[in-house]
Amino acid sequence: MKFHILTIFPEMFKGFLNESILKKAQGKGVIEIKLHDIRKYSKDKHKKVDDTPYGGGAGMVFTPQPLFDCIEHVKSKAKARGDIPVIYLTPGGKRLTQTQVERFAKKYDQLILLCGHYEGIDQRVIDSLVDVELSIGDYVLSGGEVPAMVVVDAVSRLVPGAIGKEESHQEESFSKKLGRKKEYPHYTKPAEFRGMEVPEVLLGGNHAEIERWRRKHLR
Ligand code: SAM
């Protein structure tokens, strides 16, 4: 899976991409992440990417030119198996769910993630080039970079080979296997800690009973 992240702040991704599972998955060649600096595509002599909104009001809006050029360039260079959806991260979009994450991981081998800033982006970019408008929740962040990281992280862990044991994401909160419910509680050693005990059933080796207990404790 290859992620193209379109942003005016590529530096924001440095730490995030170079730690933990994403670092390992990139090392193994299971995922690839390409950062595209939108500003580089601006034809303005000062590399401006935003302007005041028509109709007035506070804040700035991304102008269409750098975004059109950037998206068209990325699409023309990408050697994808099929379509590459352009996903615009926006609070006004459809709320991201595990089902949608699974769909992305299964259906595509490349994704374009467009990070907005300020008031957002010119509507003509959305009308002409955006396939999916996606929100990570009903609150407003200052930019689309954190939402893009959320999508990269959630989708990457479903790409075969990204995480150690394939099974570990099959039995997780919101997975099909758990009926889209929230996972059962986990316990580890010691069996007793500050007077709090691990449920008896988990200490024995009766797998059928453990399975029953876990099903009962899905939320
Ligand atoms: N004016 C916009 C509104 O009222 O919906 C908010 C713009 S927000 C300050 C700037 C950028 O952050 C957006 O263009 C989007 O890319 C990103 N963003 C903010 N909150 C988000 C969320 N909950 N989900 C996805 N993207 C978000």
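Reported count of residues in segment 204-219, each being among the charged types (D, E, K, R) and open to solvent by 100 Å² or more (accessible area, probe 1.4 Å), is 3. Would you confirm whether or not segment 162-170 contains a residue that is touching a residue at least 24 places away in the same chain (Cβ under 8 Å) and either open to solvent by 60 Å² or more (accessible area, probe 1.4 Å) or under 21 Å from Q98 (Cα atoms) (or both)? There is at least one residue in segment 162-170 that is touching a residue at least 24 places away in the same chain (Cβ under 8 Å) and either open to solvent by 60 Å² or more (accessible area, probe 1.4 Å) or under 21 Å from Q98 (Cα atoms) (or both). Screening Y88 on (1) over 15 Å from the mean Cα position of the chain (by Cα); (2) of a type outside the set (G, A, S); (3) not in a helix (DSSP H, G or I) shows it passes everything except condition (1).
Restricting attention to segment 134-154 and to residues that are open to solvent by less than 80 Å² (accessible area, probe 1.4 Å) and small (G, A, S), the residue that is farthest from the ligand (Cβ to nearest atom) turns out to be A154.
The set of residues from segment 113-133 being surrounded by 15 or more Cβ atoms within 10 Å (Cβ to Cβ) and away from the ligand (no atom under 13 Å from the Cβ) comprises just one member, L129. If the condition is being more than 18 Å from H36 (Cβ to Cβ) and touching an Asp or Glu at 6+ places or on another chain (Cβ under 7 Å), then segment 109-123 contributes only Y118.
Across segment 92-112, not a single residue is classified as assigned by TED's automatic domain parsing to the domain that holds S142, free of Cβ contacts under 8 Å to residues at least 12 places away in the same chain and within 13 Å of the ligand (Cβ to nearest atom). Out of curiosity, is H73 more than 16 Å from the ligand (Cβ to nearest atom), more than 20 Å from the chain's Cα centre (by Cα) and farther than 30 Å from G161 by Cα? Considered against the rule, which asks whether it is more than 16 Å from the ligand (Cβ to nearest atom), more than 20 Å from the chain's Cα centre (by Cα) and farther than 30 Å from G161 by Cα, H73 comes out as no. For segment 84-95, a residue qualifies if it is out of contact with any Pro (no Cβ under 8 Å at 6 or more places or on another chain) and buried (at least 19 other Cβ atoms within 10 Å of the Cβ), and the qualifying residues are I84, V86, I87, Y88, T90.
Part of a helix (DSSP H, G or I), more than 16 Å from the ligand (Cβ to nearest atom), farther than 30 Å from V49 by Cα and open to solvent by less than 70 Å² (accessible area, probe 1.4 Å): which single residue out of V159, V201 fits that description? Exactly one of V159, V201 is part of a helix (DSSP H, G or I), more than 16 Å from the ligand (Cβ to nearest atom), farther than 30 Å from V49 by Cα and open to solvent by less than 70 Å² (accessible area, probe 1.4 Å), namely V201.
Summed over segment 179-198, the residues that are loosely packed, with under 11 Cβ neighbours inside 10 Å and among the β-branched types (V, I, T) give a count of 1.
If you filter segment 57-81 down to residues that are part of a loop (DSSP other than H, G, I, E, B) and open to solvent by 50 Å² or more (accessible area, probe 1.4 Å), you find that the one that is farthest from K34 (Cα to Cα) is G57.
The values are calculated or read from the model by the stated rules, or taken from the named source; none is laboratory data. Because the structure is a prediction, the values reported are computed rather than measured. Every residue, glycine as well, gets a Cβ built from its backbone with ideal geometry; the counts of neighbours run over all protein chains shown. In case anyone asks, the SASA skips ligands and DNA or RNA and just uses the protein heavy atoms, side chains included. Shrake-Rupley method; radii C 1.70, N 1.55, O 1.52, S 1.80 Å.
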